[in-house]
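Participant: Take a look at this one; I'll ask things after.
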Ligand code: NAD
Ligand code: KPL
């Protein structure tokens, strides 16, 4: 049984794909009010290529008592550790937690909140967004890398992902993958917020992209992820080109007045730079500008 916490974009994407492959799944919802709304909706709806499919997946609240052996954590990075702390007493000995959070920092927070569990980190390029409550659009088929920095053995349940058609690979260096993604997000997302533009319009700011990429390369190298630093600037330009018409996830969050994951992206990068006493002026300045911008819009800095 997969327990899936968070019936948002990625939670719905995973729950529906697993359920339609015959894998038993159950959603964990925040409270009885949310469970009631879910029951009114009668299940989750996944929209793929304009086709909507409805899945009446079972659900319970986090306050339920059933033991949990496999938990898919599909909430935002800032909600991850508090959510796991709420559930820690339900985790069976040797339980697995699969962490879908973007960025870095939340994985360590979760591991501290549930020391008895095995934490498997994921980095995903799938794209999904909520069209309405419990209705999610699968906007871009990507790939998911999974790995465990403490144990290179893949879990047997990867077979469920295979069955569900979830494109994935077991990575022996998941931290480097997460750092690389974090570096791309740090170079692109904050600038799209500050220039209020689509990813592609960043091509008008080549000097800023070059400075940030070179500082991020230095950071990755000092953090022991030289491999993740290779060709970063070219990759930043490639991603901008490939996603030219898209608004970055951070831009969408800010535009919709939602809390961002800044603390787990640029905030995490700047903290790591400080720990290594690296003078990275463009990165620090970008962080300060982004914090000021968020504050001017009444959004939290963490
Ligand atoms: P989302 O906001 O759509 O969904 C998160 C869900 O978690 C919400 O429904 C929220 O109510 C729920 N939640 C939070 N705390 C909870 C709790 N204590 N108990 C029960 N439910 C709780 O977020 P998302 O877009 O699915 O993103 C999840 C993570 O995946 C983020 O870190 C994001 O950066 C990452 N990610 C998202 C995408 C995407 O396309 N959406 C792609 C790659 C990575
Ligand atoms: O991951 C992204 C995001 O918007 O969060 C991309 C499109 C790669 C930009 O950093």
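Participant: Please give the strands (runs of 3 or more DSSP E) falling wholly within region 13-111 in which 2 or more residues are within 15 Å of residue 3 (Cα to Cα) and either within 16 Å of ligand 2 (Cβ to nearest atom) or touching a strand residue (DSSP E or B) at 6+ places or on another chain (Cβ under 8 Å) (or both).
Facilitator: Counting at least 2 such residues, we get 25-29, 58-61, 68-73, 91-99.
Rundown of residues vs (1) touching a residue at least 12 places away in the same chain (Cβ under 8 Å); (2) under 20 Å from the mean Cα position of the chain (by Cα); (3) surrounded by 21 or more Cβ atoms within 10 Å (Cβ to Cβ), yes/no style:
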residue: 193; (1), (2), (3): yes, yes, yes
residue: 205; (1), (2), (3): yes, no, no
residue: 208; (1), (2), (3): yes, no, no
residue: 231; (1), (2), (3): no, no, no
residue: 239; (1), (2), (3): yes, yes, no
residue: 249; (1), (2), (3): yes, yes, no
residue: 286; (1), (2), (3): yes, no, yes
residue: 297; (1), (2), (3): yes, no, no
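Participant: Anything in region 134-156 that is surrounded by 15 or more Cβ atoms within 10 Å (Cβ to Cβ) and closer than 29 Å to residue 49 by Cα? List them, or say none.
Facilitator: Passing the criteria: 134, 135, 136, 137, 138, 139, 144, 145, 146.
Participant: Where in region 179-277 are the helices (runs of 4 or more DSSP H), entirely inside, with at least 1 residues that are over 20 Å from residue 290 (Cα atoms) and at pLDDT 95 or above? Full working, then the answer.
Facilitator: Values: elements: 206-222, 226-229, 232-242, 249-255, 266-275.
Passing ranges, in order: 206-222, 226-229, 232-242, 266-275.
Participant: Still on this structure, please answer the following. Here are 293, 302: which of them is part of a helix (DSSP H, G or I) and in contact (Cβ under 8 Å) with a residue 60 or more places away in the chain?
Facilitator: Working: 302 fails: part of a helix (DSSP H, G or I).
Of 293, 302, the one residue that is part of a helix (DSSP H, G or I) and in contact (Cβ under 8 Å) with a residue 60 or more places away in the chain is 293.
Participant: Now for a different question. Give just the number: which of (1) in a strand (DSSP E or B); (2) farther than 17 Å from residue 76 by Cβ; (3) more than 9 Å from ligand 1 (Cβ to nearest atom) does residue 121 not satisfy?
Facilitator: Result: residue 121 fails condition (2) only.
The values are calculated or read from the model by the stated rules, or taken from the named source; none is laboratory data. On a predicted model such as this, the values are computed, not experimentally measured, just so you know. Please note: Cβ atoms are built from the backbone with ideal geometry, for glycine as well, and neighbour counts cover all protein chains shown.
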